[in-house]
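Since the structure comes first, as structure tokens, the remarks are kept for the end.
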Amino acid sequence: MLHYITNIVSIADDYTVVCRFNSGENRQIALKPLLEQLDKTPEIQQLWNTSYFQKVSLDSYGTLTWDNGADFCPDVLYNHSVPV
């Protein structure tokens, strides 16, 4: 099953986001490890600013995205998340 996000439930200052996926599950995603891994791009570096991180939104494909062009594949996020 290809997963996508239908709703952002909550956003925490520790770079954790809870999302509802098309499977009907709410899942917690710890984005800090992914940010650390991809920290070489200016778009990802900007996400370390917690007030900017909080401006995350969903695009029409169910992807977490920011207005600077940073985004994360929802299927990858599903695989890096845990049910809540």
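Tabulated values for the structure
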quantity	calculated
³J(HN,Hα) computed for each position of segment 14-26 - Karplus, 6.51 cos²θ - 1.76 cosθ + 1.60, integer Hz, glycine/proline x	8, 6, 10, 10, 9, 10, 9, 9, 4, 6, x, 8, 8
GNM result for the chain, Cα springs below 10 Å: residue of Leu64, Leu34, Leu47 fluctuating most strongly	Leu34
In sequence order, calculated HN-Hα J values of segment 70-77 (Karplus, 6.51, -1.76, 1.60; Hz; x Gly/Pro)	5, 7, 9, 4, x, 5, 5, 4
Rh by Kirkwood over Cα pairs, then Stokes-Einstein D for the chain at 1.002 mPa s and 20 °C, µm²/s	169 µm²/s
Segment 35-44 - phi-based ³J(HN,Hα) in whole Hz, Karplus 6.51/-1.76/1.60, Gly and Pro as x	4, 4, 5, 9, 5, 7, 9, x, 5, 6
Amide hydrogen neighbours beyond the local backbone of Cys73, cut-off 5 Å, H modeled	none
Amide proton proximity set for Val9, modelled H, under 5 Å, gap of 5+	Val18, Cys19, Arg20
Counted charge near Gly62, where neighbours are those whose Cβ lies closer than 14 Å (Asp, Glu -1; Lys, Arg +1)	-2
Qualifying trypsin sites (Lys or Arg not before Pro) in segment 7-43, DSSP loop, other Cβ atoms within 10 Å at most 10	Lys40
Cut-off under 5 Å, modelled amide H: who pairs with Tyr4 long-range	Asn22, Ser23
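Bear in mind these aren't lab numbers, they're just calculated from the coordinates by the rules spelled out. None of the values given here were measured: they were computed from a predicted structure. Cβ coordinates were reconstructed from backbone atoms using ideal geometry, including for glycine residues, and neighbour counts include every protein chain displayed.
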